[in-house]
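See structure below.
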Amino acid sequence: MSVDLAIFKQIEASMEEESMRKDEIYSCVRDYEKTCRYIMAVLNRVHSASSEEVPEIAKEALGRFNEVKQHLANLSKIVPHQQFYKYYDHWCRTLQKSLFIAAFAIYLSSEKLISSEQVENLCGVKLNLNNDLQDFHITVEDFLHSFVTLTDELSRLAVNSVTAGDYNRPLKISKFVKELYTGFQLLNLKNDSLRKRFDAIKYHIKKIEEVVYDVSLRKLSGSTNDGSTDDTIMK
């Protein structure tokens, strides 16, 4: 025969192996997504909770991150050495969601931005700050995407806090989000999707400022030192 059919058997074996690997990844990501949805359901309670209840809700959410860590460990075992970006698209959205959830829970418990060390401890995966990691890791872009989502969620919380009778929280949120926006301005963003999402932070700030203005106008808060209605950041 002029055609060696053995090559097709090798290709078939390779395709079968690839298909099985992708099925494993899909299965793992589905379980990972379910865990994220559950933790987010826990955190959603803060939108109707009193300020005294918020730290306990955050603690409960953070306590579930052992499951997130296990899902990511399972994924890291499936992905072959130095083939991270070949399969990255399968889990990046879910990873971004879990990073946002971690950032939101940390903010609720401490009113501070999550650190790289906290992310690595919660997820059990290294953050690729120096762009030198080849195997399974958290990209800087995913980390930044989680911050943008955080500002959106905090703008929602600012509105709902007033409804729940917590008039000081919007002032604190305003200060925090403006500081986060300032941090983003230090970056030379070239990632198109991240750049577009970064621009949305201005609208989140505007939404929060409207809440702060209303609270200040009605003299509902005990102090106006934690936030500002100054709109110079929008110019």
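Of the numbered criteria (1) outside any loop (DSSP other than H, G, I, E, B); (2) within 23 Å of residue 52 (Cβ to Cβ), the one residue 119 fails is (2). Scanning the range 121-142 for residues that are touching a residue at least 12 places away in the same chain (Cβ under 8 Å) and within 19 Å of residue 67 (Cα to Cα) yields 122, 123, 124, 125, 126, 127, 136, 137, 138.
Let's see how each residue does on (1) under 26 Å from residue 170 (Cβ atoms); (2) touching a Gly at 6+ places or on another chain (Cβ under 9 Å); (3) not polar (S, T, N, Q):
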position	(1), (2), (3)
14	no, no, no
18	no, no, yes
37	no, no, yes
44	yes, no, no
49	yes, no, yes
71	no, no, yes
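All told, residue 8 meets the bar of being of a type in the set (Phe, Trp, Tyr) and over 18 Å from residue 150 (Cβ atoms). Given the criteria closer than 30 Å to residue 70 by Cβ and buried (at least 17 other Cβ atoms within 10 Å of the Cβ), does residue 114 qualify? Yes: the conditions hold for residue 114. Within the range 131-171, if we keep just the residues that are of a type in the set (Gly, Ala, Ser) and not in a helix (DSSP H, G or I), the residue that is surrounded by the fewest Cβ atoms within 10 Å (Cβ to Cβ) turns out to be 165.
Residue count for the range 71-90 under the criterion of being without any contact (Cβ under 8 Å) to a residue 60 or more places away in the chain and surrounded by 14 or more Cβ atoms within 10 Å (Cβ to Cβ): the result is 7. With respect to residue 125, is the statement that it is within 22 Å of residue 22 (Cα to Cα) and either touching a Lys or Arg at 6+ places or on another chain (Cβ under 9 Å) or aliphatic (A, V, I, L, M) (or both) true? Criteria met by residue 125.
Just so you know, all these numbers are worked out from the coordinates, no wet-lab data involved. Note that the structure is predicted; figures quoted are calculated from it, not measured. Backbone-built Cβ (ideal geometry, glycine too); neighbour counts: all protein chains shown.
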